[in-house]
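Step one of this worksheet: look at the structure below.
The values are calculated or read from the model by the stated rules, or taken from the named source; none is laboratory data. Since this is a predicted model, take the numbers as computed values, not measurements. Positions of Cβ are generated from backbone atoms using ideal geometry, with glycine treated the same way; all protein chains shown enter the neighbour counts.
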Amino acid sequence: MTDPTAPGASAVTGPTAPGASAVTDPHHPMAEVLAGFAPYPDEFAARYRADGHWRGETFGSMLRERAAAHPDRIAIVDPTGGSGEDPTRRWTYAELDLRADRMAAGLRARGIRRGDRVVVQLPNTAEFFELVFGLFRVGALPVFALPAHRYTEISYFCAFTGAVGYVVPAVEGGFDHRELASRVKAETPSLRHVLVVGGDAGEHTPLAEVPVDPADAAGAPGEEPQPGDVAFLQLSGGSTGVPKLIPRTHDDYIYSLRGSVELCGQDENSVYLVVLPAAHNFPLSSPGSLGTLYAGGRVVLCPQPSPETAFPLIEREGVTITGLVPPLALLWLDSAERIREAGGSAGLESLEVLLVGGAKFSEEAARRVRPVLGCTLQQVFGMAEGLVNYTRLDDPEEVIVTTQGRPISPDDEVRVVDDEDRDLPDGTTGHLLTRGPYTIRGYWNAPEHNAASFTADGFYRTGDLVRRTGTGHLVVEGRAKDQINRGGEKVAAEEIENHLLAHPAVHDAAVVSMPDPYLGERTCAYVVLREEHRAQPPKSVELKRFVRQRGLADFKVPDRVEFVDAFPATGIGKVSKKDLRAAIAASLTSS
């Protein structure tokens, strides 16, 4: 819990159990937000401030300071939406800062205040940053939705948060977001504003009409947000059900940015390519766009993640660092190899660091990064709830390709425990629990989830199965729910996937459980073949034999192999194992 006597602290008091908080003043502009917020206990908040982790910064002040220090440096590069012969937009730090001020003034003029929630569902476009920093300046909370979300998720986000605003593109990927917005607005009493980026806004308001000169805005500017305030609501990374909402404060999130910037070697010369959806936690903060802006570097927006789009951008803009999820990393690796084998150049000479996270990156694929892409791999294992681990740039190559890194902070507390929450020795696989200066103490307004997801003393149950090496690096062995119980024998999906990926014909693999009347569960391996092997694919029995010959126990050999052209994906681009499990279950039922 924040200390009310500390500079910039929110006026909150109350119990420190997960999910519990209270406000001293029910008319406080953050009262409704804080009522659903689980604060950091006083003694922890005081320590994090004393240790210099929380420095009393807000996102609004961060941008203002960078704009004052280097106003003419380019902050945002958007290859779409330019004018004349150059389709590229380039905003300096001074311009982004001014746009944020104008957006904030316009939002206030429309009645959006500190503590209000605004669902933001935008693609990788410069307006995303103009809007988000405008909301930060107001103290309103962006609720970060992904472009792939549709009615089920969006209607829930708007209703559950009592959102007053919803910001969408007109049409994206062939989908008309204006129609979705009209339906959600009609069903959500709190939703007063729908703002549209690009194209005809229809019955809604173009976002371009919102900004006004702060000097012309009517009324007082409103109370400035404070470092201890909730800055935004992020989505949980769960792949089942509607995502839970994660409250992140200015203090805790900016600390994670600062730590990420240091560990990823970023400075004012860094050029970060946003390949994944801009609103997702990974490309926001690891070190992501916000980390790059914190470092004073340049953010380049990639409208599509394909190599055909990304590789020319990397070459043209001198991109030095970017982040991918494993399926995209595999796609880039294969594309770069084909270009090289054809005698061409992928144009990746400027790329120094490739971060891969969001799911475990197989060792087989990790070993290809340096020789194929010519850059350093930095594995990232983290979660929107907080804890982030990185392999270090100077780690031995063997550590980089076989582990998922160490925590950012010396105050990140990590426990690896058994099913009874008993601590396990290094080298033993168990459940990962964590707490620290940027890990939440509870989901927003979700006491039932919090009772199951947090221990009584504030450790977050991540749901990950890991083992810790003697050097403190973590190796992800899977998700607790991703472990397949095959007649009492436990099969870790990632282990089998890693062996399948060693086969020369296999581009990607995903192992899931399938129901079985005798064993309870059996294993099904979904396989995407490399393009050159699709005309003459290997037989299922060949892949099973290959896995068996690599020295695995028979019970770990996939019971079934299914060849597919591509995997279903979640909104961020990770493999949707939920959909794969549903597909194989339906296939068994119909056969």
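Residue by residue through segment 433-473, note down the ones that are at pLDDT 95 or above, under 19 Å from the mean Cα position of the chain (by Cα) and not polar (S, T, N, Q). Within segment 433-473, R435, G436, P437, Y438, I440, R441, G442, Y443, W444, Y460, R461 meet the criteria.
Taken as a whole, the condition of being under 25 Å from N281 (Cα atoms), touching a residue at least 24 places away in the same chain (Cβ under 8 Å), touching a Gly at 6+ places or on another chain (Cβ under 7 Å) and part of a loop (DSSP other than H, G, I, E, B) applies to L146. Of the residues making up segment 501-517, those that are part of a strand (DSSP E or B) and either touching a residue at least 60 places away in the same chain (Cβ under 8 Å) or more than 20 Å from R530 (Cα to Cα) (or both) number 8. The condition of being assigned to a loop (DSSP other than H, G, I, E, B), over 12 Å from G296 (Cα atoms) and of a type in the set (K, R) holds for R55. Scanning segment 473-500 for residues that are in a helix (DSSP H, G or I) and not small (G, A, S) gives K481, D482, E494, E495, I496, E497, N498, H499, L500.
Once segment 539-591 is narrowed to residues that are within 18 Å of R486 (Cα to Cα) and assigned to a loop (DSSP other than H, G, I, E, B), the residue that is farthest from the chain's Cα centre (by Cα) is A553. The lone criterion from (1) more than 22 Å from L333 (Cα to Cα); (2) among the β-branched types (V, I, T); (3) surrounded by 14 or more Cβ atoms within 10 Å (Cβ to Cβ) left unmet by V541 is number (3). Residue-level check: of (1) surrounded by 19 or more Cβ atoms within 10 Å (Cβ to Cβ); (2) touching a Gly at 6+ places or on another chain (Cβ under 6 Å); (3) within 14 Å of C375 (Cα to Cα), S350 misses just (1).
Tell me whether segment 319-327 contains one or more residues that are part of a helix (DSSP H, G or I) and either touching a residue at least 40 places away in the same chain (Cβ under 8 Å) or surrounded by fewer than 24 Cβ atoms within 10 Å (Cβ to Cβ) (or both).
Yes - at least one qualifying residue is present in segment 319-327.
Here's the yes/no breakdown for (1) without any contact (Cβ under 8 Å) to a residue 24 or more places away in the chain; (2) surrounded by fewer than 21 Cβ atoms within 10 Å (Cβ to Cβ); (3) within 24 Å of A493 (Cβ to Cβ):
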{"residue": "L330", "(1), (2), (3)": "no, no, yes"}
{"residue": "A336", "(1), (2), (3)": "no, no, no"}
{"residue": "S362", "(1), (2), (3)": "no, no, yes"}
{"residue": "V369", "(1), (2), (3)": "no, no, yes"}
{"residue": "G374", "(1), (2), (3)": "no, yes, no"}
{"residue": "E385", "(1), (2), (3)": "no, no, yes"}
{"residue": "Q404", "(1), (2), (3)": "no, no, yes"}
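Taken together, the residues in segment 256-276 that are farther than 22 Å from T439 by Cβ, touching a residue at least 60 places away in the same chain (Cβ under 8 Å) and surrounded by fewer than 24 Cβ atoms within 10 Å (Cβ to Cβ) amount to 3.
Any residue that is under 27 Å from C158 (Cα atoms), modelled with pLDDT of 95 or more and hydrophobic (A, V, I, L, M, F, W, C) - is there at least one of those in segment 241-251?
Initially, segment 241-251 is screened for residues under 27 Å from C158 (Cα atoms), giving 241-251.
Subset that is modelled with pLDDT of 95 or more: 245-251.
Retained after the next criterion (residues that are hydrophobic (A, V, I, L, M, F, W, C)): 245-246.
Yes, there is a match, as at least one residue in segment 241-251 is under 27 Å from C158 (Cα atoms), modelled with pLDDT of 95 or more and hydrophobic (A, V, I, L, M, F, W, C).
Scanning segment 94-102 finds one or more residues that are among the small types (G, A, S) and over 27 Å from V184 (Cβ atoms).
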